[in-house]
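*Asks:* I'd like to ask you about the structure that follows.
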Amino acid sequence: MMEQPAQSDAIADPVLVVGGGVAGISAALDLARAGRSVHLVERAGELGGRTAHLDKLYPTDHCGFCPVWSEARLCRRHPRISVHTWTTVSELMPGEGFQTAVLHTSPNAIDPERCICCGRCAAACEENAVALTAPHVYPPVFRIDAARCTGCGRCSEACPTGAVDLHRPAEAQRLRIGGVIWATGFEAADLAPAPEFGAGSHPDIMDALAFETWIAEAGPNQGAIRCHDGRPATRVAFIQCAGARDRRLQSHCSAVCCMHALKQARWVRRRQGDGRCVIFYTDLRTEGHGYETYFRQAALAEGIEMVRARPGLVYPLPGGDGIAVKYENTLTRTPAMERFDLVVLNGGLRPAVPEAVEASCLAAGGFVAEDVPGARSCGFCKAPADVETAAVQGSAAAMETLTEVVR
Amino acid sequence: MTAFPVVNCILCRCHGEIGDIVSFNRLQRQLAGDDRVASVESCDALCLGDILANLARRMQADNGTRLLIAGCSPLARGEDLIDRLEAYGVDPARVMVTDIREGCAWIHAAQSEAATAKAADLIRMGITALRYREAPPDIDIAVCQRVLVMGGGPAGLAAAAALGRAGVAVTLVEATGRLGGMLNYLGRVTPSNQGADAMREPLVEAIQNDPHIQVHLGTRVAALSGSAGNFEARLSGKNGETHLTAGAVIVATGAKPRLSRGIYRYGELPGVISGMEMEKAFRDGGPIGGDTVFIQCVNVRNQERSYCSAVCCPAALKNAIRLKEGDPGMAVTILHRDIMSPGRQLEALYRRATAAGVLFIRFDPQEPPRIEGRDKVTGVTVADALSGRERSIAAQRVVLSTPLEPRENRAIPLPAERHGFYRVQPFLHTVETSAPGLFVCGAARWPVMVEGAMTQGRAAAAKALHLVSRPVCRASELISFQKARAACAQVLPETCTGCGNCVAVCPFTACRLEQTPTGWRAMVDPVRCMGCGSCAAVCPNQSAVLPENGFRAMVRIVADAFAGRQDGRPCRTIQGRVADQ
């Protein structure tokens, strides 16, 4: 089954791909198929990145996990890809024609090779320190939260296969590599500089990623649209550009949030019956592949209300009476104040940049620069990108890395 | 009647996860009484220890037997078990995993009796499926190690250059007499603000200096046939027609900017120009004066053409800034619906335009702007959606942003979506199409800017490189998102009536009708077939089959599902098997 390498570069040093989301997976697979060895480093316990944690993907409304799952398996099964989970790159040192990377693997008390996913450790833990990393990722990955763990050892007693060892040490390894591809994705931005959005002031005001989990079919509500106190949420507001296109936070547009909101709003409308679902937007950016059609046929047809406004105040009403949103509809020029049950803040995404990236390799806005010698970047850490773009960029980065060495 | 293979069963207790709920004694008793099963074993955890290695050794010694594993779901450890057996040298077609943990023991944990009955049913069905499984040998494809790149624009140039650097033979076909595509028409390129010529020169030079790349200018692909590894192209150019064989084809034929006469009085009133004419004015370098109004979303994002052309907002921003920089006193206005400047650099461009003094006015598509002037443009009247007032803007020039329209090319055997852009695979495979070996990048796929098109070109090159880097590849490897395809469909010529249903439904154009001495018969191209089974579903007399899940096998599996329950009592000894009649 082994393919022949494309070139006589079998001796070329392996490539370090940092980040196991769609961009990293695409890059790793294309490099490995072309004959290069790859070290794929992922901070979390499973491959797939943010995409694997999404309940649905636009514009097809497919499950987010499924398309990534098969690719993640290919990575794990490929003889030339070494997958390092729970691992970060702590240092990167240049050398003569190669680089040295120091990988740090955080102590993982549960040995994935021995875990049979039975969940007895989670049941035995009195501190709720053992939990699934994500509800719908399969096979399930359990993780012990070090902050909560008291070291009582009940989990290791409960484990039938002896997979739990609370004293497993952290590991560090040095690797000789010939090229780095940064694919570290994004993280939620801190909304503290924009207090008007009320982030953190009430559990029913949440960001879009939290909301995705909240309404996920495999999530805590099994797909129902509820408030945190259990009431059905009949009025849901999405606030776009909350934390993006804003000089106080970050000036870039996160590029994925318009479609993300349309997708979520569509599912809310489908599940909540006759409730209201409002998207407060500034510019509706549906420039991607099939996005405008999705907006017109899938979203508008579901009865989503589009209001061009940037709400100036979001605050929880006293007595658990919902969330007030104060805004001015800029198309009708009417100020209004409305009560919602759930408010989703959408847009505050910033590039996730690992420590090993030197400051000189950063572009404006904290993104990882594209063409630093010996390193490339792809996906959201290079510039805001959706699944499709990130995967294409991953493949392109792989091709650039391959041909750079051959040349 | 064919002899059925002997099936061995191994049941995994999964450390009590299954064994504490399902009665293994009863399962074993039943299987011992089943004459289709040669041996039954149980173990505590198949995935741990050396049980699997021993199993593999026994299977290699005893070549005809098959193995049914009853344990956890294939999604959990089940498929890993098959992988590991394969690593020990066992043909994976001889092994099947039946899930009696996730889908049985766990969800019926409170009903031990019923769970045992269900496990017995599942195992019985698994045995039948495994006995009937046919695994036709894989097909080796002799691969022509050449890539045909159609189109010499940014996407095609990037793809060809990357492949050439990787040492792959490339034939680059360009319909016009000049490489560069859209770079020949643009002034500067957003968002880098580099001159289009400065960007084009090094690209073209790299192509021309690469000994691996043959360039055919003024040449079109008149016909394209074949499948992954062996595409046949008929090239028609100045020197007549030539034939070319290529292992992979990258379609980078781009899109065309087009404005119909009459839209916003275009072509009727002097001073109303298209975005492309604006680019030409910048390229020609002549002085550009006069107050200018840009109008966005011209004949796109409407009912008829419900897509955003993606390139026009950045182009308008770029040109507006350039006009303002050339003459700060000039009034430059952009009439827009939504400004499409996603991401980092384009959003920065939008802010730069605002800072440069470009005026933005939002309009409602229900009330489009009106062009004023009798024999030349004098201004534009627009209903400002934000202020609610009608505004008259004096202007000597109106630039209609030119949307991209798909090009029609009948030679390319690819399905298009409703607007005419080529249909691609979703999510992680968006430069791949339903035809393995045929890749699409650039604006032929969807409107995209120069930089994005080049990225897609390199991504397509990576996919093509994988296919043509080896002289022989296996048909089962052609699906990039799974390790191997499920199976290749077969049509039984004895019963096929040539109705053509399979040809109509096949999403991979793998089925075709052929004239035989006894009439029309459907044929399946084993390289194109992806094993989806659509043909088997529509075949009126079961002539089209997937060997993995043939009609005979399916009927017997379904019959076996209920075989143990004929008189309503669960878990009877296995009887009433129709399987072997």
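Every read-out reported here was derived from the displayed coordinates using simple, explicitly stated rules and does not represent laboratory data. What you see is a predicted model, and the numbers here were worked out from it, not measured in a lab. All Cβ positions, even for glycine, are placed from backbone atoms using ideal geometry, and neighbour counts span all protein chains on display.
*Asks:* Counting DSSP beta bridges in chain B, what percent are antiparallel, to the nearest 5?
*Replies:* Just about 45 percent of them are antiparallel.
*Asks:* Turning to a different aspect of this structure: Give me B:GLU174, B:GLU304 ranked fewest to most by other Cβ atoms within 10 Å of their Cβ, as a rough exposure proxy.
*Replies:* Fewest to most other Cβ atoms nearby, the residues stand as B:GLU304, B:GLU174.
*Asks:* Once you have the Cα-Cα distance between A:PHE98 and A:ASP321, take 0.36 nm times their residue separation minus that, and quote the gain in nm to one decimal.
*Replies:* Answer, rounded to one decimal: 74.2 nm.
*Asks:* Just want the answer: with Cβ charges of +1 for Lys and Arg and -1 for Asp and Glu, which residue in B:ALA356, B:ILE263, B:PHE551 is farthest toward the dipole's positive end in the protein assembly as shown?
*Replies:* Projecting each Cα onto the dipole axis, the largest value belongs to B:ILE263.
*Asks:* Before anything else, pin down the relative contact order of the range B:188-260: Cα pairs under 8 Å, at least 6 apart, normalised by residue count, whole percent.
*Replies:* Dividing the mean separation by the residue count of the range B:188-260 yields 17 percent.
*Asks:* Under 18 Å from a label point 7 Å along Cα→Cβ of B:ALA416: give me every residue in the range B:443-457 with its amide N that close.
*Replies:* B:443-448
*Asks:* Given Cα pairs under 8 Å that are at least 6 residues apart, what percent is the relative contact order of chain A?
*Replies:* Once normalised by length, the contact order is 19 percent.
*Asks:* Still on this structure, please answer the following. Run the reach check for B:LYS280 against aspartates and glutamates, Cα to Cα strictly under 15 Å, same-chain hits fewer than 8 apart removed. What comes back?
*Replies:* Within the straight-line limit of under 15 Å, B:LYS280 reaches these aspartates and glutamates: B:ASP197.
*Asks:* Right, next: Residue by residue through the range A:255-272, which ³J(HN,Hα) values in whole Hz follow from phi under the Karplus form 6.51 cos²θ - 1.76 cosθ + 1.60 (θ = phi - 60°), with glycine and proline marked x?
*Replies:* 6, 9, 6, 4, 5, 4, 5, 4, 5, 5, 4, 4, 6, 4, 4, 5, 9, 8
*Asks:* With point charges of +1 on the Cβ of Lys and Arg and -1 on the Cβ of Asp and Glu, referenced to the Cα centre of chain B, which listed residue (B:GLY285, B:SER23, B:ILE213) lies farthest in the positive direction of the dipole?
*Replies:* My answer, from the dipole projection, is B:GLY285.
*Asks:* Report, in deg cm²/dmol and to the nearest 500, the calculated mean residue ellipticity at 222 nm for chain A, where each DSSP H run with n ≥ 4 adds -39500 (n - 2.57) and the sum is divided by the residue count.
*Replies:* So the helix-based figure for chain A works out to -6000 deg cm²/dmol.
*Asks:* Have a look at the range B:22-90 and give its Rg and Dmax from the Cα atoms, expressed in angstrom.
*Replies:* Both quantities, over Cα of the range B:22-90: 12.7, 33 Å.
*Asks:* Taking the Cα centre as origin and putting +1 on Lys and Arg beta-carbons and -1 on Asp and Glu beta-carbons, what dipole magnitude results for the range B:337-486, to the nearest 20 debye?
*Replies:* Around 460 debye, computed over the range B:337-486.
*Asks:* Let me see the P(r) profile for chain B: every Cα-Cα distance counted, bins of 10 Å, each bin given as a percent of all pairs.
*Replies:* For chain B, the binned pair fractions read 3, 14, 19, 17, 15, 13, 10, 6, 2, 0 percent.
*Asks:* Does the range A:179-247 classify as rounded, prolate or oblate by the C-alpha gyration tensor (a ≥ b ≥ c root eigenvalues; a/c under 1.5 gives rounded; else a/b over b/c gives prolate, otherwise oblate)?
*Replies:* The shape class here is oblate.
*Asks:* Let me ask something else. Thinking of the range B:420-507 as a set of Cα atoms, what percent of all their pairs are more than 14 Å apart?
*Replies:* 72 percent
*Asks:* Indicate, rounded to the nearest 5 percent, the antiparallel portion of the DSSP beta bridges found entirely in the range A:251-366.
*Replies:* 75 percent
*Asks:* Mind listing the long-range amide H neighbours of A:LEU313? Cut-off is under 5 Å, sequence gap 5 or more, other chains count too, H placed in the peptide plane at 1.01 Å from N.
*Replies:* The answer is A:LYS326.
*Asks:* Name the shape class, rounded, prolate or oblate, that the alpha-carbon gyration tensor gives for the range A:355-407, where a ≥ b ≥ c are the square roots of its eigenvalues, rounded holds for a/c under 1.5, and otherwise prolate holds if a/b is larger than b/c and oblate otherwise.
*Replies:* oblate
*Asks:* Still on this model: Normalised by the number of residues in the range B:404-516, what is the relative contact order in percent for Cα pairs under 8 Å and 6+ residues apart?
*Replies:* 15 percent
*Asks:* Further question on the same structure: Of the options B:VAL468, B:ALA411, B:ALA487, report the single residue whose Cα projects farthest towards the positive end of the charge dipole of the range B:405-524 (beta-carbon charges: Lys, Arg +1; Asp, Glu -1).
*Replies:* Farthest towards the positive pole: B:VAL468.
*Asks:* Across peptide A:157-166, how many C-beta atoms of other chains are within 10 Å of each residue C-beta, on average?
*Replies:* Partner-chain Cβ atoms within 10 Å, mean over residues of A:157-166: 2.
*Asks:* Let me ask something else about it. Rounded to the nearest 5, what % of DSSP beta bridges with both residues in the protein assembly as shown are antiparallel?
*Replies:* DSSP beta bridges in the protein assembly as shown are roughly 50 percent antiparallel.
*Asks:* In addition: Can you compute 3J(HN,Hα) from phi for each residue in the range B:251-268, using the Karplus curve 6.51 cos²θ - 1.76 cosθ + 1.60 with θ = phi - 60°, rounded to whole Hz and x for Gly and Pro?
*Replies:* These are the phi-based 3J(HN,Hα) values: 8, 9, 7, x, 9, 10, x, 9, 10, 7, 4, x, 5, 6, 6, 5, x, 10 Hz.
*Asks:* Right, another one. Reachable aspartates and glutamates from B:LYS376, Cα under 14 Å, same-chain residues fewer than 8 places away excluded?
*Replies:* The qualifying aspartates and glutamates are B:GLU268, B:ASP291.
*Asks:* What order do you get for A:TRP182, B:TRP520, A:TRP214, B:TRP106 when you list them from fewest to most C-beta neighbours inside 10 Å?
*Replies:* With the sparsest Cβ surroundings first, the list reads B:TRP520, B:TRP106, A:TRP214, A:TRP182.
*Asks:* Name the shape class, rounded, prolate or oblate, that the alpha-carbon gyration tensor gives for the range A:110-166, where a ≥ b ≥ c are the square roots of its eigenvalues, rounded holds for a/c under 1.5, and otherwise prolate holds if a/b is larger than b/c and oblate otherwise.
*Replies:* Taking the square roots of the gyration eigenvalues as a ≥ b ≥ c, the range A:110-166 is oblate.
*Asks:* Here's a follow-up. Might you report the magnitude of the Cβ-based charge dipole of the range B:1-155 about its Cα centre, with Lys and Arg at +1 and Asp and Glu at -1, to the nearest 20 debye?
*Replies:* It comes to approximately 220 debye.
*Asks:* Sticking with this structure for a sec: Taking the Cα atoms of the protein assembly as shown, report the difference between the largest and smallest coordinate on each principal axis, in whole Å and largest first.
*Replies:* 96, 81, 63
*Asks:* Mind sorting A:ASP13, B:ASP44 by how few other Cβ atoms lie within 10 Å of their own Cβ, fewest first?
*Replies:* B:ASP44, A:ASP13
*Asks:* Okay, moving on. Averaged over peptide A:376-389, how many Cβ atoms belonging to another chain are found within 10 Å of each residue's Cβ?
*Replies:* Taking the mean over all residues of the peptide, I get 3.
*Asks:* Here is a follow-up. Treating only the Cβ atoms of Lys and Arg (+1) and Asp and Glu (-1) as charged, compute the dipole magnitude of chain A about its Cα centre; round to the nearest 20 debye.
*Replies:* 640 debye
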